[in-house]
Structures are given as C-alpha cells and as structure tokens.
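First the structure, in the form of structure tokens, and then the observations on it.
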Amino acid sequence: MKKAVLPPLTFPVDALEPYYDAKTVQLHHGKHHQAYVNGFNAALEKLEAVRAAGDFAAVKHWTRELAFHGGGHILHSLFWANLKPGGGGEPHGDLATAIASQFGSLQAFDTQLRAVTNAVEGSGWGIVAAGPGREVAILQAEKHQNQLLPGWRPILAVDVWEHAYYLRYENRRAEFVDVVLDHLVNWREVERRFAEVAEV
Ligand code: MN3
C-alpha cells in the first residue's frame, strides 16, 4: 500500500459559508482529516516493522489501526469531494433511475437517507453505497470502518462525527444533515462515482 496524502480542498475554506463555516472546514480538513492520514501512514509503517520482526501477534492491532485511520481518510476524501458551493438538488440520470426503482421515489430515498444518517449511534457516517447489479443502498458506518459491506462502494458519505458540525450546529445534528443535503451535496460527483461502479 502506498502512503496516504491529504487531498487539497477543491474550494476555499470559506466557500461553503454560511452553511458550513470556514473555521469548522479548516479544522475538519487540516487537523482531523490530516490526523487520519498520519494515523494510516503510521499503521502502515508499524505493520511493515512487526512483519519484518516476525511479530505476527501484533498484526491484528495494527490492522485495526489501519482500518480505522484508513477508513477515516477514505471517507473524508469522499466527503470533501461530495460538497460544493451551491450544491443540493436531486440526483439525475442512471443514479436517479436506480434510486426511483428501488426506493419508490427520490423523495422516499431522501427521507430515508436523512433518517438513517441522523440515527447513527455515536460517531459515524451516513453512506449511500452502490453494489453489484447497480443496486443502491443506504448504510451507516460506525466510527469509520464498522458495518460497511465488502463489495459495496460508498458513493456519498455524510460525516456525523461531532467534530463535523459541533462548532456551528452544537447538538443539532439533524440541522447539519439537512444543510448538507439541501445546500452542499454535489450530486454530479455522486453520479460520476455510480457510473464508475456500474462499469466494473
Ligand atoms: Mn470528520
């Protein structure tokens, strides 16, 4: 595995104001996401070292660290790419067709996505994932790595760790989730990821 690098934001830190404040974006990207990049890279190094030393009992611990920090890095990278100034609206194209056929309507999907994301216990993510056969599922991840399904690829990730929203929204998680879906989500990027999955 290659070492991870913090991907730069594709917009200025204040570009998502007033919905997502610059201070939270700066801390969230520059400190929290960076910490997951660092943790992933440290776990990679440790894994290499314990394997070289023949200490295979230690592999379990460092594999867990790798999954936690690597999951954090990957989901945050998705999250930033999922956001844009002037976002919101609805999915279009093949993704919209797949959603409507499985969930009954885009409205029903939207209602479920908000409810499932708000209901994450503790720190985690609301996730839209694409699976084999162009299926779409709404999942939850606890922490960054628990409850995800092998073979199902996240195409939209909404961060509901408290660090994602507490400075601006305090305990009002649902308000943050509404703001992300109403004003910030970049459905064109989600559609692009869905198309990539479908081509496999
Ligand atoms: Mn976060």
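Summary table
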quantity	calculated
Largest-first principal axis extents of the Cα set of the stretch 149-200 (Å)	41, 25, 13
Of all accessible heavy-atom area on the stretch 3-99, the percent that carbon and sulfur account for (1.4 Å)	59
Average accessible surface area per residue within the stretch 75-174, 1.4 Å rolling probe, Å²	44
Among Asn171, Asn38, Asn82, residue whose mean-square fluctuation peaks in a GNM of the chain (springs only between Cα atoms under 10 Å)	Asn171
Cα convex hull volume per residue for the stretch 48-200 (Å³)	128
Added length on full extension, which subtracts the Cα-Cα distance from 0.36 nm per residue, Gln107 to Arg188	27.4 nm
Cα convex hull volume per residue for the stretch 1-53 (Å³)	63
0 to 90° range, to nearest 10: angle between helix 34-52 axis and the chain longest Cα axis	40
Longest site-free stretch - the chain; sites: trypsin sites (Lys or Arg not before Pro), DSSP loop, at most 13 other Cβ within 10 Å	4-171
Gyration tensor (alpha-carbon) shape descriptor, the stretch 1-108, a/c threshold 1.5	oblate
Cross-link pairs Lys23/Lys46; Lys23/Lys84; Lys46/Lys84; Lys60/Lys84; Lys2/Lys23 - those with Cα-Cα distance over 28 Å	Lys23/Lys46; Lys46/Lys84; Lys60/Lys84; Lys2/Lys23
Principal axis dimensions, the stretch 79-150 - Cα atoms, whole angstrom, descending	32, 32, 21
The stretch 16-77, dipole about Cα centre (Lys/Arg Cβ +1, Asp/Glu Cβ -1), debye to the nearest 20	140
Ile74, Ile155, reordered so the largest accessible area comes first (probe 1.4 Å)	Ile74, Ile155
Top of Gln107, Gln140, Gln34 by mean-square fluctuation, Gaussian network on the chain, Cα under 10 Å	Gln107
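The values are calculated or read from the model by the stated rules, or taken from the named source; none is laboratory data. Just so it is clear, the model here is predicted, and its values are computed rather than measured. We place every Cβ from the backbone using ideal geometry, glycine too, and count neighbours over all the protein chains shown. We work out accessible area using only protein heavy atoms, side chains counted, and drop any ligands, DNA or RNA first. Shrake-Rupley method; radii C 1.70, N 1.55, O 1.52, S 1.80 Å.
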